[in-house]
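Visitor: Mind having a look at this structure? Questions to follow.
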Amino acid sequence: MSGEAQEAASEEGRPARYDARSIERKWQAVWAEEKTWEVPNPGDPGFDPGRPKAYVLAMLPYPSGEPHVGHLKVYSVGDAIAHYRRRNGYGVLQPMGYDAFGLPAENHAIRTGEHPRVATERSIASFRRQFLDWGISIDWSREIATHEPEYYRWTQWIFLRLFEAGLAYRTDAAVHWCPKDQTVLANEQVIDGRCERCGTEVVPKKLEQWYFRITDYADRLLADFDRLESWPEHVVTMQRNWIGRSEGAEAVFRCEDPAIDFPVFTTRPDTLYGATFFVLAPEHPDLDRLIDGTANADAVRDYVAAALRQSTGERGDAEREKTGIRLERTVVNPVNGERIPMFVADYVLMEYGTGAIMAVPAHDQRDFEFARRFELPVRPVVVPADGAEVPDDEAFVTQSEDVRIVNSGDLDGLTPADAKRRIIAELENAGRGRLAVNYRLRDWLLSRQRYWGCPIPIVHCPDCGAVPVPDDQLPVELPDIEDYRPRGRSPLATAFEWVETSCPRCSGPARRETDTMDTFVDSSWYFLRYLDPDDAELPFDRGIADHWMPVDQYIGGVEHAILHLMYARFFTKALADEGLIGVEEPFANLFTQGMITREGAKMSKSRGNVVDPADYVSRYGADAARTYVCFMGPPDRGGDWVDEGVDGVQRFLARLWRLAAEQTAVTDDASCFDRDWQRRTAGPVRELLAKAHWAIDKAGRDFERGFQFNTVIAAVMELVNEAYRLKDDLHGDGDGDRALRFAAATAASLIFPFAPHLGAEAWELLVGGRVWEEPWPTADAELLASDVITLVVQVNGKLRDRVEVAADATDEQILELVHASERLRDYLAGREPVKEIVVPGRLVNLVVR
Ligand SMILES: [Zn+2]
Ligand SMILES: [Zn+2]
C-alpha cells in the first residue's frame, strides 16, 4: 500500500478522499447496464402517453479528431437541461449522432490516401468514448451517423420527394467557386467574398448545378418566427436580414440597340424621374451582348475581370472610392422616355435584385458619389415640404413624411407614398413594371464537386434527361475510388463502372449524377431520424415524429444562426407540405451557447492555447470539467478558461463529497426531509435549513430564467459553505446532524444536472436510491430565508438588474454584490458610477455620465 493510499482510507474503511474517476466509472457502468437514458416511443413497451415529452437536442458534432472544449460545453449545457426536465416529470429524449460527411476528412484522404470513412469512423469512436466518459445522459439506442448508407438512403429519398415537388432543380448559373477546395459554395458559405471553410477568395464560375427552391418559402420563413417560443432575438434578426424582404416595384428599362429589357427592382419607385444613369453588375449575363462590337469592349472586359477578382465585401464597402466604366449604350426610362447612359460598376452586386440598378444620385449616397466621379447630372425629385435648403454635397436621404415630389411631371406636389402608388399603377398600365417584393435570399445551391458526401440520386439519360433513381434502388451508394483529388469535377466521375448505368425510364445507356450533396442537406433532417432510427420503410414514422416534434430545446453555437437553422426550417416546412410531418417549425426554443476563450483569445492550434477536455477530465474528473464550463459565466455568453477555475470547482465538489461521507457516518435515517420537523426548528439548525431552501428556490428560478447555470452552481456552493461554517456547532446534535444531512442531500440533488456522478454518489450515500428518479426539489415558502430580500438596481433611474441580499446587509455588502453583477458590468462597459445611492430595503441607483 502506498503512503497516499493509506492516507486516503479513514477509520471506518471508507475512502476519505474524493476519487472522482472511480465514482464516475461506477455510475457510468450503472447507466450503461440499466440503459437509464433510453426512452420509449409511442407503441413501445413502457411508453406512458400521459407523460409530457421534452425533446432536448444539442447540435450534432462534426467528427474530426477528438472533441474540443466547445463540445464539452454544448453537451454539458444540453445535459443539464435534459436532467432538469426529467426531474420535472418529462419523458426526455436526448439522442446523439455525427455529421460525418464533409471536406476535412476528404482533404485528409487526399494527403494520406486513407479512405475518408476510416478517419471519420475513428473520430466517431473517440467522440463516443468521450461522451460516455463525460457521463452525458444520451439515449444511445438512437445513435446515427450521416455517412452510413442506412442514413443517407433517406437523405436521397427526401431529395427525390423535393425533386418531385419541383423544389429541387438543376440549372446553369454563375456560382461561387472556391479555387482551393475545387467546389462550388452556397451563397451562405461565402463570407465577405471568401470561402467559409478555407478563407480563399471565391471566384465566379458558370456551371450547371442543383438547387433547392428555398426562395418559395421566403415568406413563410419570415412569418413563422411568430411560431417560435423562445429564440435569441439576434438569431431571428440575422435570419430576417439574410432573407432580406423589401417591398417596392419592378420597372423595366429598355435598351433599344441591341434590344434588351432590363428589369430593375427599387424600393423607391417615387424617385424614378430622378434616374440619370443606369448601372449593371460586372457579372450581369447580358453584358457580353451589350458590348459586342462597341469601341471600348476590351476596356470593359478588363474592368469586369478586375472587378471579379475582388471580394463581395470589398465591393460592398461604402467607404471605397467608386469605380466603373461607361458603355456605349443607353436605356430608356419607362416613366418619361428619357435616354440615360449605361455603366458597369462593381458597387452593384448580382446577388441583390436583378444585378442592375437605376441610379438616382440625388437620393442615394453611392449613386451620388458615382455621379460626382463621372460628372453625371444630379436631379432632385424629393424636397422638404417647407422649402428648406438641402445640402448639395451629399444625397438627400430621408424617411420624413414632410417632403414633396418635384421635377416629376404630374407627380409634382405629391407625397412619396402617393407618388409610389401612382407610378406603380402607370407602370402596370404601360406593361413596363409592377408592384414587387424582393428578397436577398437566393435558392440553396446544394451540389458539390467532391467525393465525401451523399450521392445525388439522379441518372442522366440522353433521351429522358434527369431521371430520379427509383425508391427501391436506394441508397445509391458511394463507390470506393482510388484518387480523391478534385479536378474541377467530382472525383466520382472517375468511378466509371459506377457512373455508367442504365436509364430507369427507357433502359438505355445513361450516366449517374457525379456531384454529391452539400453536408448541410444531411443535417437538415437528422433530428427526425433520431425519432425512428431503425425504420426500414420510411425516414421516420409520422406518428412517432408527431409525438416528439418539435424539438423543445435546441442548443448550439450562434455560428449556425443562418445556414443550418434556416435550412432545417425549410426542410421541415417542405416535409410538412408533403404530409410527412405535422409541424412546420423544427425547433420551438433555441439556446445559443457562448464561445470559450483562453487568456482572452480564441483557442487555436497555432496559438497553442487549446484546452483538450480529455486532459482535464482525466486530471480533475468529468464532473469538475462539466461543472466548470457551466460555471464560468452565463452559458449563453462566452467565458475565459482558467485552470485555477477548474481547480476551484474540483475542490468544491470534494468538499460536498466529504460532507456527504461524514453525515452518512453519523445518521442513517432520511427524516431530515420532514417538513413539519424542519418548520419547528430554530437557531443555527433553522439557519442552515433556510439556506438549503433558499438554494432550492434560487436554482429553480435560475434554471427557468434562460438557464443561468453559473448562478445555480454558485447557490449550491454557498449552501455547502454555510454547512461547513455551521458544521462544528451542529455536529453531534440530533437536529444539527439532520440539518447537515438535509443540506448535503439538497446540494447533491441540485448539483446533479452538472455533476451527475457526484450528485448520484452523494445522494446514494446520504439517502439511498437514485437521485435522477427524485422529483426536482421545491422550496418551502415558510422555510425560505425570509431575511433575504430583492433589491432593484437602477442606472440613472432606469431598472437594469435585481440583486438578492440579506435583509441586514450593510450598504458596503450590497454595493459589493451590485458590482459583482455581470449584467451591470456589461451594461456599464467600464464607466465608473459617479454616485451610488442605496435606499434600504428597496433599491440601489448608480449614476453614470
Ligand atoms: Zn475553400
Ligand atoms: Zn431514358
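The values are calculated or read from the model by the stated rules, or taken from the named source; none is laboratory data. Here the structure is a predicted model, which means the values were calculated and not measured. Every residue, glycine among them, receives a Cβ derived from its backbone with ideal geometry; neighbour counts consider all protein chains shown. Ligands, DNA and RNA are stripped out before the accessible areas are found, and what is left, the full protein with its side chains, is counted by its heavy atoms. Shrake-Rupley method; radii C 1.70, N 1.55, O 1.52, S 1.80 Å.
Visitor: Consider LEU207 carefully, then state whether it is closer than 25 Å to ASN107 by Cα and open to solvent by less than 60 Å² (accessible area, probe 1.4 Å).
Guide: On the way: closer than 25 Å to ASN107 by Cα: yes; open to solvent by less than 60 Å² (accessible area, probe 1.4 Å): yes.
In short, yes.
Visitor: Quick check, is PRO263 touching a strand residue (DSSP E or B) at 6+ places or on another chain (Cβ under 9 Å), under 30 Å from GLU328 (Cβ atoms), more than 16 Å from ligand 1 (Cβ to nearest atom) and open to solvent by 70 Å² or more (accessible area, probe 1.4 Å)?
Guide: Considered against the rule, which asks whether it is touching a strand residue (DSSP E or B) at 6+ places or on another chain (Cβ under 9 Å), under 30 Å from GLU328 (Cβ atoms), more than 16 Å from ligand 1 (Cβ to nearest atom) and open to solvent by 70 Å² or more (accessible area, probe 1.4 Å), PRO263 comes out as no.
Visitor: Take the residues of region 48-88 that are open to solvent by less than 40 Å² (accessible area, probe 1.4 Å) and assigned to a loop (DSSP other than H, G, I, E, B): which is nearest to LYS602 (Cα to Cα)?
Guide: So the residue we want is PRO67.
Visitor: Okay, next question. Is there a residue being under 27 Å from the mean Cα position of the chain (by Cα), closer than 26 Å to GLY556 by Cβ and part of a helix (DSSP H, G or I) anywhere in region 244-251?
Guide: no
Visitor: If I ask for residues that are over 30 Å from PRO179 (Cβ atoms) and either within 16 Å of ligand 1 (Cβ to nearest atom) or in a loop (DSSP other than H, G, I, E, B) (or both), which ones from region 487-505 would you list?
Guide: Within region 487-505, CYS503, PRO504, ARG505 meet the criteria.
Visitor: Please specify each residue of region 189-204 satisfying the condition of being part of a helix (DSSP H, G or I) and either open to solvent by 70 Å² or more (accessible area, probe 1.4 Å) or within 16 Å of ligand 2 (Cβ to nearest atom) (or both).
Guide: Looking only at region 189-204, we keep the residues that are part of a helix (DSSP H, G or I), and these are 189.
Correct list: empty.
Visitor: Would it be correct to say that SER137 is in contact with a strand residue (DSSP E or B) (Cβ under 9 Å, 6 or more places away or on another chain), assigned to a loop (DSSP other than H, G, I, E, B), buried (at least 18 other Cβ atoms within 10 Å of the Cβ) and hydroxyl-bearing (Ser, Thr, Tyr)?
Guide: So SER137 passes the test.
Visitor: Next up: Restrict the check to region 478-488 and report whether at least one residue is of a type in the set (A, V, I, L, M, F, W, C) and more than 16 Å from ligand 2 (Cβ to nearest atom).
Guide: yes
Visitor: Here's a follow-up. Output the residues belonging to region 575-601 that are of a type in the set (A, V, I, L, M) and at pLDDT 95 or above.
Guide: LEU575, ALA576, LEU580, ILE581, VAL583, ALA588, LEU590
Visitor: Determine, yes or no, whether PHE742 is crowded, with 23+ Cβ neighbours inside 10 Å, in contact with a helix residue (DSSP H, G or I) (Cβ under 8 Å, 6 or more places away or on another chain) and outside any helix (DSSP H, G or I).
Guide: Values: crowded, with 23+ Cβ neighbours inside 10 Å: yes; in contact with a helix residue (DSSP H, G or I) (Cβ under 8 Å, 6 or more places away or on another chain): yes; outside any helix (DSSP H, G or I): no.
Spelling it out, it is not the case that PHE742 is crowded, with 23+ Cβ neighbours inside 10 Å, in contact with a helix residue (DSSP H, G or I) (Cβ under 8 Å, 6 or more places away or on another chain) and outside any helix (DSSP H, G or I).
Visitor: Touching a Gly at 6+ places or on another chain (Cβ under 7 Å) and surrounded by 16 or more Cβ atoms within 10 Å (Cβ to Cβ): which single residue out of ALA251, ALA218, ALA186 fits that description?
Guide: On the way: ALA218 fails: touching a Gly at 6+ places or on another chain (Cβ under 7 Å); ALA186 fails: touching a Gly at 6+ places or on another chain (Cβ under 7 Å).
After ruling out the rest, the residue left standing is ALA251.
Quick grid of which residues meet (1) farther than 21 Å from VAL629 by Cβ; (2) at pLDDT below 95; (3) among the hydrophobic types (A, V, I, L, M, F, W, C); (4) buried (at least 24 other Cβ atoms within 10 Å of the Cβ):
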position: ASP668; (1), (2), (3), (4): yes, yes, no, no
position: ASP676; (1), (2), (3), (4): yes, yes, no, no
position: ARG679; (1), (2), (3), (4): yes, yes, no, no
position: GLN708; (1), (2), (3), (4): no, yes, no, no
position: TYR724; (1), (2), (3), (4): yes, no, no, no
position: ARG738; (1), (2), (3), (4): yes, yes, no, yes
position: PRO756; (1), (2), (3), (4): no, no, no, yes
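Visitor: Taking the residues in region 220-230 that are in contact (Cβ under 8 Å) with a residue 40 or more places away in the chain and touching a helix residue (DSSP H, G or I) at 6+ places or on another chain (Cβ under 9 Å) as candidates, determine which candidate is farthest from LEU185 (Cα to Cα).
Guide: LEU228
Visitor: Oh, and also: Among the residues of region 430-486, write down those that are crowded, with 17+ Cβ neighbours inside 10 Å, more than 30 Å from GLU247 (Cα to Cα) and within 16 Å of ligand 1 (Cβ to nearest atom).
Guide: Matches in region 430-486: SER447, ARG448, GLN449, ARG450, TYR451, TRP452, GLY453, TYR484, PRO486.
Visitor: Keeping to region 598-636, report how many residues are over 23 Å from the mean Cα position of the chain (by Cα) and among the small types (Gly, Ala, Ser).
Guide: 8
Visitor: Count, please, the residues in region 586-624 that happen to be among the charged types (D, E, K, R) and in contact with a Phe, Trp or Tyr (Cβ under 9 Å, 6 or more places away or on another chain).
Guide: Adding up the residues that qualify gives 3.
Visitor: Under the condition of being within 18 Å of ARG485 (Cα to Cα) and more than 9 Å from ligand 1 (Cβ to nearest atom), which residue from region 170-208 is modelled with the lowest pLDDT?
Guide: Result: VAL184.
Visitor: Give all pairs with beta carbons closer than 6 Å in which a residue from region 98-125 that is in a loop (DSSP other than H, G, I, E, B) and modelled with pLDDT of 95 or more meets a residue that is open to solvent by 50 Å² or more (accessible area, probe 1.4 Å) and not hydrophobic (A, V, I, L, M, F, W, C); count only pairs at least 6 apart in sequence or on separate chains.
Guide: Taking only residues 6 or more apart or on different chains, the pairs are ASP99/TYR62.
Visitor: When residues of region 162-183 are filtered for being buried (at least 19 other Cβ atoms within 10 Å of the Cβ) and either under 27 Å from PRO470 (Cα atoms) or among the charged types (D, E, K, R) (or both), how many remain?
Guide: Number satisfying all stated conditions: 5.
Visitor: Shifting gears a bit: Tell me whether region 770-780 contains one or more residues that are more than 37 Å from the chain's Cα centre (by Cα), crowded, with 20+ Cβ neighbours inside 10 Å and under 29 Å from ASN88 (Cβ atoms).
Guide: No, region 770-780 has no match at all.
Visitor: Same structure again: Considering only region 506-562, state which residues are assigned to a strand (DSSP E or B), more than 16 Å from ligand 2 (Cβ to nearest atom) and buried (at least 19 other Cβ atoms within 10 Å of the Cβ).
Guide: THR516, MET517, VAL551, GLN553, TYR554, ILE555, GLY556
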